[in-house]
Amino acid sequence: KNAAIGTESVSLVLGTSAVSQAAKGTHRVTMKYPGQIVAIEAYALTVTATISFDVQKGSTSVLAGAITPVADTPTAGTLSATLANIQFAKGDVLSLKYTSNGTGAATNGQVIVWFRPLGMKGDPIPASGENA
């Protein structure tokens, strides 16, 4: 059930940010099958002042709090403790949003979302009955 071999990832790309942004959307991806997020990692080559990244499923954050990236260092995010926030159905949209202050910026920014497809051996059948 928790085997790393079943884990997949999707990259949500920011590129270069702008200053003075509030929850600015930059990248969206439609999930092709049900799954559960197991880890999130942010990266930015350069970081100035204050900037943070958030990953949302629809309009709900999958994180316990936004990730503040550290320059040229993979930075782990803390997932929401609410199971419904980190599980997704086929067709759900994950998006990357960032917030920056008057001088906050990042270059080559991205967030990698690691997830495990649901419907694998040992998974409970979701309440919706959808298992694939």
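Details
- Within the stretch 69-119, the residues that satisfy the criterion of being in contact with a helix residue (DSSP H, G or I) (Cβ under 9 Å, 6 or more places away or on another chain) and among the hydrophobic types (A, V, I, L, M, F, W, C) are LEU79, PHE115.
- Residue ID - nearest to ALA42 (Cα to Cα), chosen from residues in the stretch 89-109 that are in contact with a strand residue (DSSP E or B) (Cβ under 8 Å, 6 or more places away or on another chain) and in a loop (DSSP other than H, G, I, E, B): ASN108
- Flag if ALA42 is among the hydrophobic types (A, V, I, L, M, F, W, C) and at pLDDT below 95: no
- Restricting attention to the stretch 1-12, the residues being free of Cβ contacts under 8 Å to residues at least 40 places away in the same chain and open to solvent by less than 60 Å² (accessible area, probe 1.4 Å) number 1.
- Of everything in the stretch 39-62 that is assigned to a strand (DSSP E or B) and under 10 Å from VAL111 (Cβ atoms), the residue that is farthest from the chain's Cα centre (by Cα) is TYR43.
- Residues satisfying the stated conditions in the stretch 13-46, i.e. in contact with a Pro (Cβ under 8 Å, 6 or more places away or on another chain) and open to solvent by 40 Å² or more (accessible area, probe 1.4 Å): TYR33, GLU41, TYR43
- Hits in the stretch 70-88 (condition: touching a Ser or Thr at 6+ places or on another chain (Cβ under 9 Å), in a loop (DSSP other than H, G, I, E, B) and within 18 Å of GLU8 (Cβ to Cβ)): none
- The residue that is modelled with the lowest pLDDT, among those in the stretch 97-129 that are open to solvent by less than 30 Å² (accessible area, probe 1.4 Å) and under 16 Å from the mean Cα position of the chain (by Cα), is PRO117.
- Long-range neighbours under 7 Å by Cβ, at least six apart or interchain, first residue under 17 Å from SER52 (Cα atoms) and among the hydrophobic types (A, V, I, L, M, F, W, C) within the stretch 74-99, second open to solvent by less than 50 Å² (accessible area, probe 1.4 Å) and in a loop (DSSP other than H, G, I, E, B): LEU79/VAL62; LEU94/MET31
- Filter result (open to solvent by less than 40 Å² (accessible area, probe 1.4 Å) and of a type in the set (Asp, Glu)) within the stretch 47-73: ASP54
- Any hit, the stretch 74-89, residues being in contact with an Asp or Glu (Cβ under 9 Å, 6 or more places away or on another chain) and surrounded by 17 or more Cβ atoms within 10 Å (Cβ to Cβ): yes
The values are calculated or read from the model by the stated rules, or taken from the named source; none is laboratory data. Note that this is a predicted model, so its numbers are computed, not measured. Positions of Cβ are backbone-derived with ideal geometry, glycine not excepted, and every protein chain shown enters the neighbour counts. All accessible areas refer to the heavy atoms of the entire protein, side chains included, with ligands and DNA or RNA removed. Shrake-Rupley method; radii C 1.70, N 1.55, O 1.52, S 1.80 Å.
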